[in-house]
1. Which order do the peptides 45-56, 191-202, 176-187, 297-308 come out in when sorted by mean C-beta neighbours inside 10 angstrom, highest first?
2. Of the peptides 63-69, 103-109, how do they stack up when ordered by the mean number of other Cβ atoms within 10 Å, highest first?
3. Just in the stretch 249-300: which trypsin sites (Lys or Arg not before Pro) are loop by DSSP and have at most 14 other Cβ atoms within 10 Å?
4. Counting only heavy atoms of the protein chains, get the accessible area per residue of the stretch 1-122 (1.4 Å probe) and round it to a whole Å² value.
5. Which FRET efficiency value, to the nearest 0.05, is calculated for LYS83 and TYR255 with the Förster distance at 41 angstrom and r the Cβ-Cβ distance?
6. Would you kindly state how much longer the chain becomes between LEU235 and LYS268 on full extension, computed as 0.36 nm times their sequence separation minus their alpha carbon distance, in nm to one decimal?
7. Between ARG302 and GLU35, how many nm apart are label points set 7 Å from Cα along the C-beta direction?
8. So which lysines pass the test for LYS264, namely a Cα distance under 18 Å, with those fewer than 8 places away in the same chain ruled out?
Amino acid sequence: MRKRARLIYNPTSGREALAHDLVEILGIFEQAGYETSAFATTPAPNSAADEARRCAKDGFELIVAAGGDGTINQVVNGLAGLKRRPKMAIIPAGTTNDYARALRIPRNDPVAAAKVVLKNQTVKMDIGQAGEQYFINIAAGGMLTELTYDVPSQLKSIFGYAAYLAKGAELLPRVKPIEMDLKYDGGHYQGKASMFFLALTNSVGGFEQLVPDASLDDGKFTMIIVKTSNLAKMLHLMTLVLNGGKHINDPSIIYVKTSKVVAKPADKDRLMINLDGEYGGDAPMTFRNLKQHIEMFADTDRIPDEAITDTDPELEDAERHFVSAVDQLPAATEDDEKTE
C-alpha cells in the first residue's frame, strides 16, 4: 500500500506565494513516494492542529506543514499528544522562519524546501511542553517577550524581520524587571529579571548566535535569564550576541541547560508566557523537554555535527553489545604480541 502525505498550508502566510507553487510541490512529494493531498487552513481556531491530528489518526505517514512558524507550531500541537506520530516536513513561508533556519531548509524558495524530502534525511527533534500546549522553538516570559504581540501580522508579512527590530528599539526603553521564581535542573533563581527564555534550536528571532551551542535532540532546553533591564547594558548584551555569542559568559546572564523549568512570578506581577511568538497564558507554568519526540525531514548535511546527538536506539544498543563483547575477550599475552 502506498504511503500517504497531507500538505497542510496556510494560504495567507508570507507573501501568499505557496498557492503559485502548489502543484509542483505536490509533485515533489509524489516523487518521494507519497500519495499527496493538500488542505488549506481556515480562520477557525486550531484549523491546522485539528487537521494534523485527524490525518495522523487516519494513518498518514507524513504531515507537511507549509507556512510560518505559527503554522508549524499548530501542526506539532495536533500531533504531539498522540502515541503514533507521523513524520513531518516543513515548507517555510513566514517572517523569520526560525525552525526552517535551524533545520537548514531553504527559506525563500518553497519548491527548494519541498525537495529536501528527496534527500531522505531526518532528525528526531526535541519539542517543549508547557502545560497542555507544545512549542517547537522558544518559550519565554517577561517584558521583552511582549514585542511579538505588538507587531501587526500585515507588517510582519511586508517587512519581515525588520518589523521586529523596529518594534524592539521602541520597546527597550520601557522594559522593567519582574520578580521571578525559576526552578530548573540543579538550580533555583529568585530575583528580578527582564526576561527568561527556553530555546530548542539555535535560531531565535532570526539570531543564530543567541544559543551558539544548541542541540536539536539532546532532551535539554537552553535557558537564558536576563537579569538586567538597564538600557545601556541590554544594548551591550545585543552586541555580544552579534559578536559570536559572547553574551553567555556575561554576569548579567544565567545560561544553563535543563530538561524542566517551573516558572512563576515572585510577587503580584503578571508573568505572561510567550510560546513560539504567541501568547501562551500566564505563569505559574511548568515546561518539559520531550526528547526526540517528532521526526522531521531536514538537510542534515548542512546541520553542524554538534547540533545532533545521533542517539539512535538501535545504534546505541549495537555499541553496548560491541563494548560488552570486547570486555569479555581474553587479555593479550606477551606471546600474542610477539606473533603480530
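The values are calculated or read from the model by the stated rules, or taken from the named source; none is laboratory data. Model, not experiment: these values are computed from the prediction. Note that each Cβ is placed from the backbone with ideal geometry, even for glycine, and that neighbours are counted across all protein chains shown. For accessibility, only protein heavy atoms count, side chains too; no ligands or nucleic acids. Shrake-Rupley method; radii C 1.70, N 1.55, O 1.52, S 1.80 Å.
1. 191-202, 45-56, 176-187, 297-308
2. The packing order, highest mean first, is 63-69, 103-109.
3. The qualifying sites are LYS268, ARG270.
4. 44
5. 0.70
6. Answer, rounded to one decimal: 9.1 nm.
7. So the two model labels end up 3.3 nm from each other.
8. LYS176, LYS183, LYS192, LYS227
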